[in-house]
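Student: The structure under discussion is supplied below as structure tokens; questions concerning it will follow.
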Amino acid sequence: MRIIIFTDSLGRPRPNIADLEKTVYEDVYGYKLKKYFLHKHEIELIYIESLDTQDAIHWSQRMVAFRNPDLVVFHLGINDCAPRLFKKNANSIVHNKLFRKITFDLFLKLISYFRFQITKIRKLVYVNKQEFKDNFYTMIDEILKYNSNCKFLCISIAKSDVLNKKSFNYNSNIIEYNKILLEIFNDGYIEINDIISKNGLISDHIHLSIKSHEVLFEIIKNKIQELEKKCVE
């Protein structure tokens with residue numbers, strides 16, 4: 001099978017952080033799958049920083065669909081549903097280098113301090129729930145044009161109690177968006193919130209620990225082996 005793992009920064013190694021948390025390429029679940037199935041399946045890991053499903057449509061057309069994959073593993077969603085201080089692509093003056101220098105980052109510090117209250121009032125996300133759903137169906141339909149027998153897996157969005165205290169409705173948003181993923185992918189939906197430990201994320205409370213990469217590797221490996229059996233039957 002030709003298998004493509006299509007993800008945001010959650011699927012990439014993070015070698016430039018503290019030694020206790022850093023992950024090198026060999027630690028991430030995509031590499032582990034590639035190594036495990038080296039002589040059996042062609043596996044490619046595609047990860048794009050800060051990717052949401054709006055932008056993923058563009059990259060899926062150009063980097064996933066035309067490769068005629070037999071299986072696509074999606075690992076997207078946190079950039080869509082996380083509560084935001086500003087609209088997507090907003091050119092706020094508080095991010096201007098000169099303004100930040102003049103104000104000694106005072107405004108950014110204030111915004112960060114009152115993040116929970118601001119996100120409670122503004123209720124901004126980059127991609128709303130209906131768009132999120134539509135974007136996935138757009139990607140799936142495009143992939144199926146190239147291979148009508150392609151199968152799909154999707155990894156759930158990980159919650160964080162720490163970030164839930166910093167941004168209003170952080171976990172609630174994730175629960176709602178995960179419901180959409182479950183609706184779309186059914187048996188192909190992989191719920192990780194019940195599987196990874198409380199220490200399953202690194203200190204930014206977004207990205208996976210080495211242990212969580214190992215857990216995901218085992219889950220997806222088993223899913224692939226189940227598909228192998230079905231192909232033989």
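None of the figures in this text is laboratory data; all of them are computed from the coordinates on show. Just so we're clear, the structure is a prediction, and the values are computed from it rather than from any experiment. Glycine gets a Cβ as well: all are built from the backbone with ideal geometry, and neighbour counts include every protein chain shown.
Student: Just need the relative contact order of region 109-205 here, percent rounded to a whole number, with Cα pairs under 8 Å and 6+ apart. Working shown, then result.
Tutor: Numbers: 69 pairs, mean separation 32.9, N = 97.
That works out to 34 percent.
Student: Compute the distance in nm between two label points, each set 7 Å from the Cα along the Cα-to-Cβ direction, one at LYS109 and one at GLN130.
Tutor: 4.3 nm
Student: Next question. Using the Kyte-Doolittle scale, find the helices of the chain whose mean hydropathy is at least 0.0 and whose Cα atoms extend 15 Å or more along the helix's long axis, counting only whole DSSP H runs.
Tutor: Values: long enough: 129-146 (27 Å, -0.87); 170-185 (22 Å, 0.23); 210-232 (33 Å, -0.23).
Helices meeting the span and hydropathy rule in the chain are 170-185.
Student: Per DSSP H run of at least 4 residues, take -39500 (n - 2.57); add these up for the chain, divide by its residues and hand me the 222 nm value, nearest 500 deg cm²/dmol.
Tutor: Numbers: 10 runs with 109 residues, N = 233.
Per the formula, -14000 deg cm²/dmol.
Student: Another question, if that's okay. Compute the length gained on full extension between ASP141 and LYS22: take 0.36 nm times their separation in residues and subtract their Cα-Cα distance, giving the result in nm to one decimal.
Tutor: Value of the extension gain: 39.2 nm.
Student: Determine, for VAL215, VAL162, VAL72, the number of other Cβ atoms within 10 Å of each Cβ, and report the residues in order from fewest to most.
Tutor: Working: VAL215 18, VAL162 12, VAL72 25.
Fewest to most other Cβ atoms nearby, the residues stand as VAL162, VAL215, VAL72.
Student: Nearest 0.05, what FRET efficiency do LYS40 and GLU218 give at R0 = 22 Å with Cβ-Cβ as r?
Tutor: Working: r = 17 Å, r/R0 = 0.75.
Given R0 = 22 Å and the Cβ-Cβ separation, E is 0.85.
Student: Then there's this: For LYS35, list the aspartates and glutamates whose Cα falls under 16 Å from its own Cα; do not include residues on the same chain fewer than 8 positions away.
Tutor: The reachable aspartates and glutamates, counting only those whose Cα sits under 16 Å from LYS35, are GLU26, ASP27, GLU44, GLU214, GLU218.
Student: Can you compute log10 of I(q)/I(0) for region 1-148 with the Debye formula, treating each Cα as one identical point scatterer, at q = 0.16, 0.18, 0.21 Å⁻¹?
Tutor: Debye curve over Cα of region 1-148, log10 I(q)/I(0) at q = 0.16, 0.18, 0.21 Å⁻¹: -0.99, -1.10, -1.24.
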